[in-house]
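Have a look at the structure below, then the notes.
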Amino acid sequence: MASLQIYDPFTDTAVETLFRQFLRPERNDRAAPQGIRVDVAENDKGYVVYAEIPGVKKDEIHVAIEGNQVTIAAEVKSAVAAAEGTRVLRAERYSGNVYRSFTLPVELDETASEAKYENGVLELRLGKKPAVAGRKLTIQ
């Protein structure tokens, strides 16, 4: 005699994949930008920021510091150029401008900050501005 098994469609990965693709359709026209992922660490002298920006030349990266706000911008160019007589079959990589802006708790000293780009990772060493001591006023 054959045994009966209970089928649960929610445990089947094929059904889950079907619903995931239905609710989030794939865009075929152009890939979406992934953004710039950052890690931020703090020490007594300042902050160290590691930002992933793969496939970008260092002269195409721009970093701006205004007070306690840091903005990283880059231009990602397409690596595949359609030459004469060829056609691109699939292009999933994003090309265009990406940027990331975030604020830190303390104002930054632009003169004590430096940047280094190696192997697709931008390393920023951002110095803190020294705290200004308050001035005591005499009452007349």
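Bear in mind that the values in this text are calculations on the coordinates, not laboratory data. It should be emphasised that the depicted structure is a prediction, and the values quoted were computed from it without experimental measurement. Here Cβ is always computed from backbone atoms with ideal geometry, including for glycine, and neighbour counts include all displayed protein chains.
Which of Leu104, Leu4 has the fewest other C-beta atoms within 10 Å, and how do the rest follow up to the most?
Sorted ascending by nearby Cβ count, the order is Leu4, Leu104.
Report the local net charge at Ile72: Lys and Arg +1, Asp and Glu -1, summed over other residues whose C-beta lies under 15 Å from its C-beta. The partial results should precede the final answer.
Details: positive: Arg37, Lys57, Lys58, Arg100, Lys116, Arg125; negative: Asp39, Glu52, Asp59, Glu60, Glu66, Glu75, Glu110, Glu114, Glu123.
Counting the neighbours of Ile72, the net charge comes to -3.
Available extension along the chain between Tyr94 and Asn43 is 14.9 nm, counting 0.36 nm per residue and deducting the alpha carbon span.
Each of Thr17 and Phe102 was given a label point 7 Å from its Cα along the Cα-to-Cβ line. The distance between the two points is 3.5 nm.
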